[in-house]
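Input: a single structure, listed below in structure tokens.
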Amino acid sequence: MTTQTAVSTPSRTCTPAQRVTRSLLGYGVLAGTVFEVSILIQGLTRHGFRLAHHDASLLSNGPLGWIQIATFLVSGAMTIAFAVGARRALAGRAGGRWGPLLIGVYGAALMAAGLLRADPANGFGPGAPAGQATQVSWHAAGHLASASIGFSALIVACFVIARYFTRERHRGLAIYSRITGLAFLAAFAGVTTGSSSSAIVLPFYGGVLLAWIWIAVISVHLYRRASEPQAR
């Protein structure tokens with residue numbers, strides 16, 4: 001008589017902690033989508049606003065300014081949620097502390113930029129001068145400071161996360177992260193001149209879009225990594 005021996009294999013499943021991490025990481029894709037779609041729709045529909053010459057922060061002014069304020073707050077909160085998920089996914093690895101922390105700073109800066117409204121300028125917003133405001137209000141100064149801190153943090157985060165990818169031998173993603181950091185740095189440097197020229201404003205919009213795409217790519221990469229089942 002032939003005897004069959006049952007061989008048991010360990011079941012593999014996703015733990016509750018992994019599910020929480022994945023949920024948080026998903027906000028990395030949503031944050032940029034909400035931000036970019038909101039600005040595009042507002043930029044095309046708000047009377048007097050010109051995407052080629054006006055900074056998105058100016059959208060916080062006027063009767064419909066609450067839409068951009070909400071955009072800053074929601075996108076910032078989602079970015080912080082993603083940063084928490086990234087911290088959980090990268091725990092114990094190179095860049096696993098400072099990379100997510102810097103992205104979280106960027107998210108907090110977005111929320112601060114929403115609470116601290118930019119002054120009307122370049123002909124857009126109630127009482128806006130033809131050029132830059134000659135006197136900067138306290139909330140506009142806070143807005144500029146928040147933006148500077150947030151953008152700087154995000155630029156550094158690109159290089160910190162690149163270090164993680166280098167250690168993990170993901171050479172393509174490491175190069176991509178560094179290129180994104182350099183491109184966004186160049187776009188940010190241009191907009192700090194205060195020029196409303198399309199040659200400055202449009203590349204900055206492009207730089208912001210590249211940064212959001214980078215966050216989404218990192219989100220998807222870490223999501224897949226966190227989705228790897230664990231034996232039990």
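The values are calculated or read from the model by the stated rules, or taken from the named source; none is laboratory data. Because the structure is predicted, anything quoted here is derived from the model rather than measured. All Cβ positions, glycine included, derive from the backbone under ideal geometry; neighbour counts span all protein chains shown. Accessible surface is based on the protein model in full, side chains and every heavy atom, while ligands, DNA and RNA are left aside. Shrake-Rupley method; radii C 1.70, N 1.55, O 1.52, S 1.80 Å.
Couple of notes before you dig in:
- Cα-projected label distance for His170 with His47, points at 7 Å along beta-carbon direction, nm: 4.8 nm
- Taken one residue at a time, the phi angles of segment 171-179 give Karplus couplings (6.51, -1.76, 1.60, θ = phi - 60°) of 4, x, 5, 5, 5, 4, 5, 5, 5 Hz. Gly and Pro are set to x.
- Exposure rank, largest accessible area first [Arg171, Arg50, Arg97; 1.4 Å]: Arg171, Arg97, Arg50
- Between segment 85-124 and segment 34-57, the alpha-carbon center distance in angstrom: 21 Å
- Ranked order, Thr180, Thr134, Thr15 - accessible area, probe 1.4 Å, largest first: Thr134, Thr15, Thr180
- Distance between modelled label sites at Gln132 and Ala189, nm, 7 Å Cα→Cβ extension: 1.8 nm
- Rounded to 10°, Cα long-axis angle of helix 138-167 versus longest principal axis of the chain: 30 degrees
- Between Arg19, Arg163, Arg87, the residue with the greatest mean-square fluctuation in the GNM of the chain (Cα pairs under 10 Å linked by springs) is Arg19.
- Full-extension gain in nm, Ala145 to Ile67, via 0.36 nm per residue minus C-alpha separation: 25.9 nm
- In sequence order, calculated HN-Hα J values of segment 204-213 (Karplus, 6.51, -1.76, 1.60; Hz; x Gly/Pro): 5, 4, x, x, 4, 4, 4, 5, 5, 5
- The Cα center of segment 172-214 and the Cα center of segment 58-75 differ in position by 22 Å.
- Label assignment, semi-axes √(5λ) of the Cα gyration tensor in Å derived from the structure, set (1) 42, 18, 14; (2) 25, 21, 18; (3) 22, 21, 17: (1)
- Heavy atoms of His170: accessible area, 1.4 Å probe, square angstrom to 10: 70 Å²
- Theoretical ellipticity at 222 nm over the chain - DSSP helices of four or more residues, -39500 (n - 2.57) apiece, nearest 500: -23500 deg cm²/dmol
- The residues of the chain have, on average, 52 Å² of accessible surface per residue, using a 1.4 Å probe with all protein chains present.
- Solvent-accessible ranking of Leu73, Leu40, largest area first, probe 1.4 Å: Leu40, Leu73
- Relative to the longest principal axis of the Cα atoms of the chain, the long axis of helix 16-45 makes an angle of roughly 30 degrees.
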